[in-house]
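The structure appears below as structure tokens.
The values are calculated or read from the model by the stated rules, or taken from the named source; none is laboratory data. As the structure is a computational prediction, the values presented were derived from the model and not from experiment. Counting neighbours? That spans all protein chains shown, and the Cβs are built from the backbone with ideal geometry, glycine included. Accessible surface is based on the protein model in full, side chains and every heavy atom, while ligands, DNA and RNA are left aside. Shrake-Rupley method; radii C 1.70, N 1.55, O 1.52, S 1.80 Å.
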Amino acid sequence: MGVYLYYLVYRFRYTINPDALVLSISFLYADVHGFFSISLFAFQLWNPIERKPPAPPADASVDIYIPTYNEDVSIIRKTVFGCMNMRYPHKTYILDDGNRPELAKTAAEWGCGYIARKERSHAKAGNLNHALQRTNGEFLVIFDTDCVPQPDFLERTLGYFQDNKVAFVQTPHNYYNVDSFQFRVNVEKGRLWSEQNLFYRLIMPGRDYWNSAFFAGTAAVFRKKALQDIGGFATESITEDLHTTIRIYSHGWKGVYHNEILSNELAAKDLKNYNVQTLRWAEGNMSMLYKGNPLFTKGLTISQRICFTSTVFGWLFGFPKLIYLLLPIIGVFIGLNPIKSFDFPFIWRCSLFLIVLILGFEFITRGYGKIIFCECYTTLNFFNVIKAAFRSFFGLKSIFKVTKKSMGESISIQDIAPQLIIGLLSFAGVIWGGLKLYYDIHSNFKGMTAAIFWNMANGLLVLSVIKKVTRPYYKRKEFRFIGALPVQFSLEDGTESITGLGVTKDLNEYGISLVAFTPLPVGKDISLTLHLGQRFISCKGTVVHAIQADRFYGKVFVCSIRFDALDDEGTDLLCMYCFNTVLPQFRYRFVVRRYVFLSLLSKLYRRGQFRKHVRRKTTLPVVIRNNVKAPITLVTNDVSSSGISVFSYVPLDLGVIIDLEVITPFGKLTAKGATKQVKEIVSWNSYLIGIQFVEIPDSSKDILIRLVSKRQ
Amino acid sequence: MNTIKLIRNKWFLLIFSIFFFGIVWCFFQLVYRNELNLRDLYRGKKPPDPVKVMVLYRKMMRTKPNPHEMASFYRLAKVLARVEKRKEVIRILRKLVRVVPMDKEIRLWLAVELHNQKRYKEAERHFQLLLNER
């Protein structure tokens, strides 16, 4: 902050160019805006809290609300079954603003309550208020239609209400459809970045310290009495969540943020719906300036006022971003310099400022913020945010538009027009500036070079954004969960019968990608037995597609299999298994490296320079036999010459000698091992078990060497 | 093939980039045609055509020099000096001195030109300013 302030003072005193006053002042405004943003950001992140939930009360009455309008029944079904699977006693209600008789009938079949209303005033807030008057629970939980809770959701959140002043408990939003353009995923390197993680995993816990965490629309528990105290959910704004929270705090209540992923939901799948969502959030948040300004609302503490002002202020980033995008373009074409004298004193100060800013941001965000990705998303959103700001300033009526969560829509050129224009102008600026220097038209070589470089950086940023949002998406209706399950398969190919044990690469209730070590003929019917922990699903399917993978010397085949209509029980069982087991195991692979130094250290460690035996991430089916218990079929997480680690649905006793049979592309690897480590991933559900080899027969040693060798 | 698929196509991007460069280059040639003509005259080994030089002079006198893009005006003054148009040289140098009064080289050249044209009082003023700056 000190370096930033020093830089700003220097800029104000020595760099205003009177020949380009408008450009200079705009540039300075953008830098000053950044200073305030960073200050407010740092304030919020002063001391993020990690809470340990107290035990839940024995006899709380809880109502679950699932507000819906026009979402697909298949999406609502998963949420309803996720809610009904929650262990703590509760009642589930579908709040249907679309007043659909077929949904009412389906809700009765599912065994959950159904509340509809004839009119649709105040959208979601009105819907919730309508239900508030018709249910009797002491607590209510709100889940959006695509938000599927884990079975322990209530057990982990209700305990906070032992404090009578607590009005609500909010949990993080976790998006599971990692194929959305909002994610940057590298499964092999264990890296996952999402635009929302910085907010939900760091900013909200930071705001919790200041008692300023806010209700984020879903995955939250409320004390009904607190809502009744403020007259129900706020209906004046389209972001009823923020507005309601401010009212709650102004009445002296407390809020809690429990920083543990307890539910999973869908991110907007395509740019069209993402823009709808962003516009709604931006408009709603900025409208707080006029409808319940946190600076002037009575009853809030100073830190709460700062935090909520930061929320509103944060949505004004569109203006400085536009300045940073347009300034180098204008500078190159018009030949005016926003900096009075582009000389060495300015260059070293600016360079120092940028280095400190980038390193400081990486440090302060504790591994959740990647500056280049954040810049990409501000470039993507700047136009919508400016649009929302103007709509807010001019008091245009905001409409609550539901974000569609079904199959993604194709995007058009209009959706990326602002970014395209900026990109084309930036690259034109690079060419124009280069030509000016080549033909000796511009005398300020350093200034023009800096402008060209800046244009190039902006152009590449825009290109990266356009590339990301326009990539082809899977035309599947539902997202496929990335995870490995053991699957027994058998099919008849003419006179030949093919059977085996493989693992899934991804799966959902409509089909799987099966990794097998024998080729499967396309178009044939196949019988499958999926091992879902202690339960099994037997079903039939069709091999739709098969390719030979490059790994393991081409002995691996990846086959797409479509289920032949699973029954309802099988569908629900598979869905819940995906949400409650596969998803947490998938998340387990990604670790947030808190500091740059630790990140570098871990890179070296992963390269194997300090490891005695290199581990290869490999998913293979493994059958574990124990003299006492029945054999269990699991999947490996990694393999090394000294042992393996497996995902298991039951914990194994430490030190016990077990028989292993790993099915590999090179044959069966049999060995004896001893369990050395048991790590819980999901309570009572999923464990990572480390097994050290004790005895390997000679016939299996060769297979093991081929498995762990570098060239696969 | 829809527009989005088109902009993701590598060959389309390559061809578009070439066309885009060409369009920007053509536009640049149009906007800066005077400066580019002047550059050719300045660099040419043969004596410049006085008629062409005067045409460029009249066109450029109508524009205001940008403090960072004065090289063209400086070249214009040099070319005018080569075709012995001393009055025009003085007018150009006066214009430049107004835009960048701190540039000693231009002021000195203006002072010398004024002296050579026997405009001693005006020359003296500029010499005085130069001496005071030391």
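Computed quantities for the displayed model
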read-out	value
For the range A:294-435, convex hull of alpha carbons as volume per residue, Å³	222 Å³
Percentage of interatomic Cα-Cα distances in chain A larger than 38 Å	45 percent
Amide proton proximity set for A:Val635, modelled H, under 5 Å, gap of 5+	A:Val622, A:Phe647
10 Å Cβ neighbours from other chains, averaged over peptide B:28-38	2
Cα centre as origin, Lys/Arg/Asp/Glu Cβ charges: chain B dipole, Debye	240 debye
Helix A:596-606 axis, angle to chain A major axis (alpha carbon atoms, nearest 10°)	30 degrees
Rg/Rh for the range A:197-326, where both radii come from Cα atoms and Rh is the Kirkwood radius	0.97
At 1.567 mPa s and 4 °C, Stokes diffusion of the range A:317-368 via Kirkwood alpha-carbon radius, µm² per second	98 µm²/s
Cα-based Rg / Dmax (Å) for the range A:420-516	26.8, 82
Cross-link partners of A:Lys165 among lysines (Cα-Cα below 17 Å; sequence separation of 8 or more within a chain)	A:Lys224, A:Lys225, A:Lys254
Accessible area per residue, Å², the protein assembly as shown with all protein chains present, probe 1.4 Å	47 Å²
Rounded to 10°, Cα long-axis angle of helix A:445-469 versus longest principal axis of chain A	40 degrees
Cα-based equivalent ellipsoid, the range B:5-53: semi-axes from gyration tensor eigenvalues, Å	38, 10, 5
Environment charge of A:Ala282, counting only residues whose C-beta is closer than 11 Å and scoring Lys/Arg +1, Asp/Glu -1	+2
Under 13 Å, Cβ to Cβ, from B:Arg58 - net charge with Lys/Arg +1 and Asp/Glu -1	+4
Kirkwood hydrodynamic radius of the range A:121-190, Cα pairs, Å	15.5 Å
In order through the range A:173-184: 3J(HN,Hα) via Karplus (6.51 cos²θ - 1.76 cosθ + 1.60), integer Hz, x for Gly, Pro	7, 10, 9, 9, 7, 6, 7, 5, 5, 6, 10, 10
In order through the range A:362-374: 3J(HN,Hα) via Karplus (6.51 cos²θ - 1.76 cosθ + 1.60), integer Hz, x for Gly, Pro	4, 6, 5, 8, 6, x, 8, x, 10, 4, 5, 5, 4
Accessible area that becomes buried as A packs against B, both chains, 1.4 Å probe, Å², nearest 100	2300 Å²
Estimated dipole of the protein assembly as shown in Debye, rounded to 20 [Cβ of Lys and Arg +1, of Asp and Glu -1, Cα centre]	4360 debye
Stokes-Einstein translational diffusion, the range B:1-106 - Kirkwood Rh over all Cα pairs, 0.692 mPa s, 37 °C, in µm²/s	202 µm²/s
Probe 1.4 Å, all protein chains present, accessible-area order of A:Tyr290, B:Tyr42, largest first	A:Tyr290, B:Tyr42
The protein assembly as shown: antiparallel DSSP beta bridges as a percent of all, rounded to 5	85 percent
Computed over the range A:639-682, Kirkwood Rh from alpha-carbon pairs, angstrom	11.7 Å
Nearest 10 degrees, 0 to 90: helix A:73-84 Cα axis against chain A principal axis	70 degrees
Nearest-10 value in Å² for the accessible area of A:Phe36, using the 1.4 Å probe	110 Å²
Above-threshold pairs, the threshold being 31 Å between Cα atoms, out of A:Lys291/A:Lys321; A:Lys272/A:Lys446; A:Lys189/A:Lys467	A:Lys272/A:Lys446
Karplus-derived 3J(HN,Hα), 6.51/-1.76/1.60, for each residue of the range A:49-57, Hz, glycine and proline x	9, 10, 8, 10, x, x, 5, x, x
10 Å Cβ neighbours from other chains, averaged over peptide A:438-447	5
